[in-house]
1. I'd like the residue in region B:283-293 that is in contact (Cβ under 8 Å) with a residue 60 or more places away in the chain and facing chain A (nearest Cβ under 7 Å) and, out of all such residues, is farthest from A:Gly353 (Cα to Cα).
2. Only one of (1) in a helix (DSSP H, G or I); (2) surrounded by fewer than 16 Cβ atoms within 10 Å (Cβ to Cβ); (3) hydrophobic (A, V, I, L, M, F, W, C) is not met by A:Leu103, so which one is it?
3. B:Glu381 passes all but one of (1) assigned to a helix (DSSP H, G or I); (2) without any contact (Cβ under 8 Å) to a residue 24 or more places away in the chain; which number fails?
4. Residues of region B:83-121 being among the hydrophobic types (A, V, I, L, M, F, W, C) and over 10 Å from B:Ser271 (Cβ atoms), which ones?
5. Does any residue in region B:29-41 that is among the polar types (S, T, N, Q) come within less than 6 Å, Cβ to Cβ, of a residue that is in a loop (DSSP other than H, G, I, E, B) six or more places away or on a different chain, and which pairs are these?
6. All but one of (1) closer than 29 Å to B:Val56 by Cα; (2) modelled with pLDDT under 50 hold for B:Ile366; which doesn't?
7. Give A:Thr159, A:Thr191 a once-over and let me know the one that is buried (at least 17 other Cβ atoms within 10 Å of the Cβ), under 22 Å from the mean Cα position of the chain (by Cα) and free of Cβ contacts under 8 Å to residues at least 60 places away in the same chain.
8. Determine, yes or no, whether A:Phe64 is surrounded by 22 or more Cβ atoms within 10 Å (Cβ to Cβ), assigned to a loop (DSSP other than H, G, I, E, B) and in contact with a strand residue (DSSP E or B) (Cβ under 9 Å, 6 or more places away or on another chain).
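The values are calculated or read from the model by the stated rules, or taken from the named source; none is laboratory data. Because the structure is a prediction, the values reported are computed rather than measured. Neighbour counts are summed over all protein chains in view; Cβ atoms, including those assigned to glycine, are modelled from backbone coordinates with ideal geometry.
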Amino acid sequence: MASSVLSLASATPSASLSSHEIEKGKLNLGNSSLCFKKEKTNPFMKTKSVGRISMAVASNVSRFEAITMAPPDPILGVSEAFKADNHELKLNLGVGAYRTEELQPYVLDVVKKADKLLLEKGENREYLPIEGLAAFNKVTAELLFGADNPVIKQQRVATVQGLSGTGSLRLAAALIERYFSGAKVLISSPTWGNHKNIFNDARVPWSEYRYYDPKTVGLDFEGMIADIKAAPEGSFILLHGCAHNPTGIDPTPEQWETIADVIQEKNHIPFFDIAYQGFASGSLDADASSVRMFVARGMEVIAAQSYSKNLGLYAERIGAINVVCSSSDAAARVKSQLKRIARPMYSNPPVHGARIVASIVGDATLFKEWNAEMEMMAGRIMNVRQKLFDSLSSKDKSGKDWSFVLKQIGMFSFTGLNKAQCDNMTNKWHVYMTKDGRISLAGLSLAKCEYLADAIIDSYHNVS
Amino acid sequence: MSTASTCATRCSWWDHVTPALKDPISAVTQAFLADPCPYKINLGVGAYRDDEGKPVVLQCVREAEAKIEASNFLESTSTALSSKLVEESAKLVYGEDSDVIKEKRFAGIPALSGTGACRLFAEFQKRFYPESRIYLPDPTWSNHRNIWREVHVPDRTFRYYHPDSKSLNFMALMDDVKNAPDGSFFLLHPCAHNPTGVDPTDEQWREISSLFKVKNHFPFFDVAYQGFASGDVEGDAKAIRIFLEDGHSIGCAQSFSKNMGLYGHRVGVLSVLCNDKIQAMAINSQLQQISRTMYGSPPIHGISIVSKILSDPDIKAIWLKEVKVYLVSSFFFRFCTLFDFHYYKDDWTDSLSIISKCYKVMATRIHRMRVILREALERLESPLNWQHITNQVGMFCFSGLNRAEVYLLEKEFHIYMTPDGRISMAGVTTKNVDYLANAIHEVTACDQDAKILHNTDAYKINTDIRFTSLGTSKTRARGMNLAL
């Protein structure tokens, strides 16, 4: 996740509280000042209450004494460590947020235009319906499935606007928990770190299917198929539509067909997480081909979308959950239940991001411009991959095959480095990455490829 | 074993998914939108409308947006903005000079408006007090129950609204608070109670706070209308300040939907008071974790608008004026009502034109509509007592209309409101108020028995109650238990 939500009201924790602070219990507000001791008395001590006389009673022990610090988020923790580093050659390859060649965050031109248009329009800020902005829901489904897709024409898709990928996944998870009690979700090993957290908090059991093969630094296809086959019938199989996170390894079209066969065979439900449509190949349509293939087979499919990366709208939290059903009646019912889940979570989704996406995707000129910018962003990443590969191949004389850098796709690359080697990357070379060996190529410039190659070669060969 | 060819004939995975019951509040809007009648009125959802019935974008919001660098949000800026929002929001609700603020004894996190803040707290409560319950006022906003139920925290109610007098049932409230087990979690509306508009007086709040202290209850405030109730942001936070004075460590869900008109942007804050900064950090980390698996973080656009408004003194001044009821005009209203001074909309405008011309004043308009509606009903010589229309506070009026009457209003008069008879005063305008008064009069005055029904058993008992509530009376109002 690019944007951190932490809102630390306090500055730094004090190592110890002065006794004065502990003893202090005097509050002066307005014209009534009360004095009471902050003792650790029995909070359930009862006294007879007559008006306001009983102020000297129960102490003000916080009920949240026992709460411990939650562990830091592994991905955002990397950015924090990077910020703290003063080395001039430091490189942040941690979080998957797109950067320009100058390593600056990039606001898409189409987004700036759309934002400006919205500002000029001066639209109202009324509540959206629970399912979100209708114009957005329409274009997002069309973008994913294709405007001419029969499932859209037959109104067989339940689309509900969600808070980016995370929020959309959570809605689907809650739906699974409610209607498929006990059913498991299978997630790839490895997968995006937050997937398991989402399913845990939604109380949906999960297990893993093999995916990454460290020997080949590629896909363990046989392991994947075997594990999907072995799962209890009617499981939900979480698939990355394109640009797998964190490995960058996608199945080939033929492999996708086999995966679909097995899923149908076992009566599983395919559950796509599409966070990078357009970012993998540069083509929005091409990147949706895996999902479209499943849908074309007549399968019922769940698909979560995010516009955080491909429109750079990380902070606006815009995405959608789509459930393709075999009938429009089922779609209507499913949609109503998704709404029922959203209402006690946040009532209705935020309007701004939805309007931006709707205006871009819904306008032919802006949509064309977006396609071009998408190609440019994906293109930059492909160039960087090429340069990195070239640097690695020319500098490393050991004969190791570095071609996985080119074969992998999207923002991320699984380098195959182990934890100790990753530590070396950070400690010796000031290259920040996640400990699973993932680097974000979106944070790499052509200028830094050679330096990175040196770091990787050193870590790979000299550290174990 | 199924292949592609038999897929289409296979049953859907979703056959067992039944259609969800519609949310009672948004169902009203949907029904309204589907109605072709040209003079229909929507009194359902609590979103402010001007006298033309149009939504309003506040000037302070426009100014804030103009100053924000459009869509130029670095991750570091996002974090800084979120912190700023929490800081400023805490100052707003707890008071800039409160010790809690000075000592930074609070945990806070941006949330998806009031709903999101309540949900975060409910999840937090479940996580750290898994056996606890939540006590909700009877009635309360219909979504409160959904929220705590979703996280499997059972709810109980405490008596609040007295249907006969259409005011606070204070003795029963204190009784229920006393009878609840020590250390219970209570949800309170600090001002402009939704749906009744009935608020405790300052003195009553002091007594409630005292009793809470004795019982060691946890007060959780849903602050959805700060500034919107009386027009004064400080005054609307009085209940909270009273609890703070008494040393309670409270929790607060704040929403900027109404008081800044930012409904669709979903901006709010959850704060929890604690002993010290260290504990604040721990609680923050837990809240952050909860939100990360639900939606990541709230959208930055709304956060940046609110943090700009609250931290820029010029823009904040504009905001305060836009919600404000002027002392002169509010005194004037109370003066009029007190002495039965009847006036019509034109007289008022003439009298206060100099002041009212300058600013859009939301709370004033609402209050004005209350007066006009009540007066219109009295002019029609309605046999019923409509004092509660002007006694109640905030956006809503708990009219006392029963379900049958609400149904008639919809079918015969194309006037839409939630089945509990809650009217959103924001939907009343100078153009439709006479029509509304006539309609209400028609459906309530036609029947001799209507008066009795109206005053004693205004609400049907909802038999779909899974948990019993405090007290034994079967005829208590059940406005909150709508069809769900």
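1. B:Ile283
2. Every condition holds for A:Leu103 apart from (1).
3. (1)
4. If the condition is that a residue be among the hydrophobic types (A, V, I, L, M, F, W, C) and over 10 Å from B:Ser271 (Cβ atoms), then B:Leu85, B:Leu92, B:Ile101, B:Leu112, B:Cys118, B:Leu120 are the ones that fit.
5. Filtered contacts from region B:29-41: B:Thr29/B:Gly44; B:Thr29/B:Val45.
6. Going through the list (1) closer than 29 Å to B:Val56 by Cα; (2) modelled with pLDDT under 50, B:Ile366 breaks only (2).
7. Criteria check complete, one pass: A:Thr191.
8. yes
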